[in-house]
Amino acid sequence: MSYTRKKKKNNSATGILVFLFAAAVFLLLSTTVFFNVENITVSGASNYTADEIIEASGIKAGDNLVRTSTDKCAAQIESRLVYIENAKVTRSFPSTLVITVEASVPAANFVCDDYILLISGGGKVLDKIQEEKAGLLDFMGTDPMPDLIPGAMFQSSDEHKDNAVKKLMEYFAENGSENITSVDVTDRSEISYTYDGRITVKIGSINDLEYKMKFSEEIIRTKIGEKTEGVLTILSDSSGASFLDKESLENNARIYGENMELRNAAETAGDESSTETSAETSAPVQSME
């Protein structure tokens with residue numbers, strides 16, 4: 001190897017070492033001396049002042065911009081300030097942090113035995129109240145975890161029901177809940193909702209939720225009278241539906257009551273022949289596809 005080639009190789013190695021040393025020094029300085037927070041800006045809609053949001057973030061002037069965990073700061077804002085749904089913290093070098101927030105909007109009353117949880121569209125617990133907030137969707141049978149506090153995300157004690165509630169809330173957030181007054185998830189395999197306070201719609205499990213919701217709403221709009229009351233059942237195979245109006249339901253209840261009275265009387269009298277019931281046991285069901 002010639003002296004010139006050996007010299008070039010040594011110079012190249014020296015250059016790499018110098019570069020690595022300089023990079024290490026720069027990295028050290030950037031996390032200690034350079035890029036410290038001098039300005040914090042806050043934007044977006046909320047019920048809080050900029051100072052309250054900055055305090056909740058945990059960020060202080062002089063903190064290092066590089067070492068600050070923006071995700072952690074955003075999470076602290078969301079958990080400490082109940083009525084902030086989403087927060088985002090970004091760096092703007094050399095010395096600024098930008099906080100962008102989105103306000104929480106009440107979307108539903110989760111009705112429990114002796115209290116009501118006020119829930120945002122994103123599933124955040126906003127408050128624990130005694131009376132339902134007017135104009136919001138009512139959820140029944142959600143079975144919340146007992147230790148939920150305002151600022152936490154809603155969680156059901158039944159993980160399967162928790163998934164059903166979240167999917168329903170996501171659906172309503174994306175598609176709206178106009179004319180839907182309440183949702184019942186007491187039995188997660190027999191979920192139902194009330195339309196316009198007059199029609200109970202049984203959709204079964206959470207499977208194929210979007211199809212079931214849109215199918216049932218189309219039936220109500222196109223095939224059921226504007227003032228008709230009753231029960232609409234979406235069939236388990238999702239290929240059709242059946243409807244019983246209020247008069248038919250009341251007739252069925254009357255017939256059932258009469259039959260039970262006859263049965264009880266027969267058992268009391270010990271006369272098996274009198275256990276025969278009326279030939280008419282139910283009203284006809286209107287099928288829809």
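The values are calculated or read from the model by the stated rules, or taken from the named source; none is laboratory data. Model, not experiment: these values are computed from the prediction. Cβ coordinates were reconstructed from backbone atoms using ideal geometry, including for glycine residues, and neighbour counts include every protein chain displayed. These area figures cover heavy atoms from the full protein model, side chains too; ligands, DNA and RNA do not enter into them. Shrake-Rupley method; radii C 1.70, N 1.55, O 1.52, S 1.80 Å.
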| request: Could you list, in sequence order, all residues of the stretch 101-126 that are touching a residue at least 40 places away in the same chain (Cβ under 8 Å) and either out of contact with any strand residue (DSSP E or B) (no Cβ under 7 Å at 6 or more places or on another chain) or open to solvent by 60 Å² or more (accessible area, probe 1.4 Å) (or both)? | output: 102
| Condition check for residue 101: in contact with a Pro (Cβ under 7 Å, 6 or more places away or on another chain) and closer than 30 Å to residue 138 by Cα | no
| said: Suppose we filter the stretch 169-205 for residues that are part of a strand (DSSP E or B), open to solvent by 40 Å² or more (accessible area, probe 1.4 Å) and in contact with a Leu (Cβ under 8 Å, 6 or more places away or on another chain); how many remain? | reply: 3
| query | Among the residues of the stretch 81-90, is there at least one that is at pLDDT below 90 and either assigned to a helix (DSSP H, G or I) or of a type in the set (Val, Ile, Thr) (or both)? | reply | no
| request: Specify the residue that is farthest from residue 79 (Cα to Cα); the eligible residues are those in the stretch 142-164 that are open to solvent by 20 Å² or more (accessible area, probe 1.4 Å) and of a type in the set (Gly, Ala, Ser). | output: 157
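Results for (1) aromatic (Phe, Trp, Tyr); (2) modelled with pLDDT of 95 or more; (3) within 25 Å of residue 112 (Cβ to Cβ); (4) touching a Ser or Thr at 6+ places or on another chain (Cβ under 6 Å), shown as yes or no for each residue.
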| residue | (1), (2), (3), (4) |
| --- | --- |
| 159 | no, no, yes, no |
| 165 | no, yes, yes, yes |
| 190 | no, yes, yes, no |
| 201 | no, yes, yes, yes |
| 228 | no, no, no, no |
| 239 | no, no, no, no |
| 246 | no, no, no, no |
| Among (1) more than 23 Å from residue 102 (Cβ to Cβ); (2) modelled with pLDDT of 95 or more; (3) over 15 Å from the mean Cα position of the chain (by Cα), where does residue 138 come up short? | (3)
| request: Considering only the stretch 48-100, state which residues are open to solvent by less than 70 Å² (accessible area, probe 1.4 Å) and within 20 Å of residue 154 (Cα to Cα). | output: 74, 75, 76, 77, 78, 79, 81, 82, 83, 84, 85, 87
| note | Reported set for the stretch 134-168 where residues are touching a strand residue (DSSP E or B) at 6+ places or on another chain (Cβ under 8 Å), part of a loop (DSSP other than H, G, I, E, B) and within 22 Å of residue 192 (Cβ to Cβ) is 136, 141, 142, 143, 154, 157
